[in-house]
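Asks: One structure follows; several queries about it will come next.
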């Protein structure tokens, strides 16, 4: 499977990252184990999770995804075969959120315990914390890198200005620096990345691992009506795309997929892989067909006309 370097200073990773947000939510433990076995066999050994996954599900408290991954690592002995990303910063309970140094130290140890490992390959700030000085946050990350608990650090949900400020802060103080960015970016969510974040990504040579690469399943073509959305666990997340413009994007995906003997999901991921700065889109799967789409997307190279068609169908609000 093709691999790309995660920024100029990060590790080499497969060009698709397996999203672990479904573990302990829409994918029970036993099925999660089977998927991880199959993913590793297919070469998909870059896995993304977070301490907060899946706190939003009824009966969950956060940490469910990390716990399942930890059990799988112990069961299989495959920890060293996986490039593991997890995150800190989202609320995990009263007083448990943000990027203060003391909380980062506590949160990383909690994650390591759930993951049953002594290191995290990529540790990300899940979102910016404007209440905490960047030097404090980055100083804490630097400490974790020096202790060997974390190998690389990254950022998620930062604005372009704050991301650049963080990178300059690391440079000024000689601290561990973000090697990657995890933004919300896909065919139906383009302007924020392309206008605000991409210039920073290119200037500082970051790797980009966009989340919601398939727009919560909308770009797979599974939601073609309000009725489709009403029946699905993620249906509420795609409501804003259920309009003539969104369905036009799906129609363009169908057309390109038919021309390539492929599927809309594979085409949507291949489009992302053709965009500047993109290293590895993150996408989750809940069945074998979806996992196959992730693996096969790495082999699909879109021609210029196909990319132009998709760009035209999805362009709005300043995206081109």
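Asks: Of the residues 197, 206, 167, 175, which single one is under 30 Å from residue 23 (Cβ atoms) and touching a helix residue (DSSP H, G or I) at 6+ places or on another chain (Cβ under 7 Å)? Please lay out each step first, then the result.
Replies: Values: 206 fails: touching a helix residue (DSSP H, G or I) at 6+ places or on another chain (Cβ under 7 Å); 167 fails: under 30 Å from residue 23 (Cβ atoms); 175 fails: under 30 Å from residue 23 (Cβ atoms).
Testing whether each residue is under 30 Å from residue 23 (Cβ atoms) and touching a helix residue (DSSP H, G or I) at 6+ places or on another chain (Cβ under 7 Å) leaves just 197.
Asks: Which ones in the stretch 151-171 are in a strand (DSSP E or B) and either touching a residue at least 40 places away in the same chain (Cβ under 8 Å) or farther than 20 Å from residue 280 by Cβ (or both)?
Replies: Scanning the stretch 151-171 gives 151, 152, 154, 156.
Asks: Among the residues of the stretch 134-150, what is the count of those that are touching a helix residue (DSSP H, G or I) at 6+ places or on another chain (Cβ under 8 Å) and not in a helix (DSSP H, G or I)?
Replies: 2
Asks: Something else: Out of (1) out of contact with any strand residue (DSSP E or B) (no Cβ under 9 Å at 6 or more places or on another chain); (2) in a loop (DSSP other than H, G, I, E, B); (3) within 13 Å of residue 285 (Cα to Cα), what's the single condition that is false for residue 38?
Replies: Among (1) out of contact with any strand residue (DSSP E or B) (no Cβ under 9 Å at 6 or more places or on another chain); (2) in a loop (DSSP other than H, G, I, E, B); (3) within 13 Å of residue 285 (Cα to Cα), residue 38 violates only (2).
Asks: Now a separate question. Given the options 241, 211, name the one that is in contact with a helix residue (DSSP H, G or I) (Cβ under 6 Å, 6 or more places away or on another chain) and more than 19 Å from residue 296 (Cβ to Cβ). Can you show your working first?
Replies: Values: 211 fails: in contact with a helix residue (DSSP H, G or I) (Cβ under 6 Å, 6 or more places away or on another chain).
Result: 241 is the single residue among 241, 211 that is in contact with a helix residue (DSSP H, G or I) (Cβ under 6 Å, 6 or more places away or on another chain) and more than 19 Å from residue 296 (Cβ to Cβ).
Asks: Then there is this: Among the residues of the stretch 220-235, is any under 21 Å from residue 157 (Cα atoms) and surrounded by fewer than 20 Cβ atoms within 10 Å (Cβ to Cβ)?
Replies: Step one: of the stretch 220-235, the residues under 21 Å from residue 157 (Cα atoms) are 234.
Still in the running and surrounded by fewer than 20 Cβ atoms within 10 Å (Cβ to Cβ): 234.
Checked the stretch 220-235: at least one residue is under 21 Å from residue 157 (Cα atoms) and surrounded by fewer than 20 Cβ atoms within 10 Å (Cβ to Cβ).
Asks: Got a sec? Which of 70, 63, 93 is out of contact with any helix residue (DSSP H, G or I) (no Cβ under 9 Å at 6 or more places or on another chain) and either crowded, with 24+ Cβ neighbours inside 10 Å or free of Cβ contacts under 8 Å to residues at least 60 places away in the same chain (or both)? Walk me through it before giving the result.
Replies: Details: 70 fails: out of contact with any helix residue (DSSP H, G or I) (no Cβ under 9 Å at 6 or more places or on another chain); 63 fails: out of contact with any helix residue (DSSP H, G or I) (no Cβ under 9 Å at 6 or more places or on another chain).
Going through 70, 63, 93 in turn, just one is out of contact with any helix residue (DSSP H, G or I) (no Cβ under 9 Å at 6 or more places or on another chain) and either crowded, with 24+ Cβ neighbours inside 10 Å or free of Cβ contacts under 8 Å to residues at least 60 places away in the same chain (or both): 93.
Asks: Only helices (runs of 4 or more DSSP H) wholly contained in the stretch 230-320 count here; list those with 3 or more residues that are in contact (Cβ under 8 Å) with a residue 24 or more places away in the chain and within 20 Å of the chain's Cα centre (by Cα). Explain how you work it out, then say what you get.
Replies: Working: elements: 244-260, 264-273, 288-297, 304-314.
Here the list reads 264-273, 288-297.
Asks: Provide a single number: the residues in the stretch 286-320 that are modelled with pLDDT under 95 and touching a helix residue (DSSP H, G or I) at 6+ places or on another chain (Cβ under 6 Å).
Replies: So the count comes out to 3.
Asks: Also, I was wondering about something else. Filter the stretch 151-164 for residues that are in contact with a helix residue (DSSP H, G or I) (Cβ under 6 Å, 6 or more places away or on another chain) and closer than 14 Å to residue 199 by Cβ; which is surrounded by the most Cβ atoms within 10 Å (Cβ to Cβ)?
Replies: Across the stretch 151-164, the extreme among qualifying residues is 163.
The values are calculated or read from the model by the stated rules, or taken from the named source; none is laboratory data. For clarity, every value in this text was computed on a predicted model and none was experimentally measured. Glycine gets a Cβ as well: all are built from the backbone with ideal geometry, and neighbour counts include every protein chain shown.
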